[in-house]
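Notes follow the structure.
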Amino acid sequence: MKKLYLTYLTGITLLVMLLSGCKKAPIDSQIQGFWILQQFTTLEDGEVHPCERLYYSIGKSVTEISERQGPNGYGHYVGLTEFREDNTVLVVKDFKPKNSAAGDTGEKAPVEKLRPFGINNQEETVFEILHCNGKTMTLESDYARLKLEKF
């Protein structure tokens, strides 16, 4: 009887652990992750902007953009992430400078600091996901078309 009780208790514990783990599953594992921005093209003039050491870290609710050990000093910013239209649209918004020493100061990132990352709007940038296979991704907003590669 004691053996049956322990088996039953173990089964319930495993079930609870599995159910609680489902809440943290990614919305789309092909989109979420760490990406390197290869280039972006501004749609207004068709100019291609090659990128050097610029990264996107796209999560379920947060996106970080940063230049890592790059020559330009573009900085590191954190914004909110939203997925729309059955994961065919990625929205990033409300970017703030990331300063681990000072914490969240509430200061918004200036748009001119976001432009090197292909973002031209502090309030909300809506990207249509033109292509994503888990290795490469193409995003397009009303400002630019971004080419990213999984890092």
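A short reminder: the numbers here are calculations on the coordinates, not readings from a lab. Computed from a predicted model, the values in this text were never measured in an experiment. Here Cβ is always computed from backbone atoms with ideal geometry, including for glycine, and neighbour counts include all displayed protein chains.
What are the residues whose amide H is under 5 Å from the amide H of D28, where those residues sit 5 or more places off or on another chain and H is modelled from the backbone?
none
Using amide H atoms built in the peptide plane, which far-off residues or other-chain residues are under 5 Å from W35 H to H?
The answer is Y56, S57, I58, F151.
What's the extension gain from T42 to T138 if we count 0.36 nm per residue and subtract their Cα-Cα distance?
Here the answer is 33.2 nm.
Taking the Cα centre of segment 29-150 as origin, sum charge times position over the Cβ atoms of Lys and Arg (+1) and Asp and Glu (-1), and report the length of that vector in debye to the nearest 20.
Its charge dipole is roughly 520 debye.
Any idea what diffusion coefficient segment 29-150 gets from Stokes-Einstein, in µm²/s, Kirkwood Rh on alpha carbon pairs, 25 °C, 0.890 mPa s?
My calculation gives 171 µm²/s for D.
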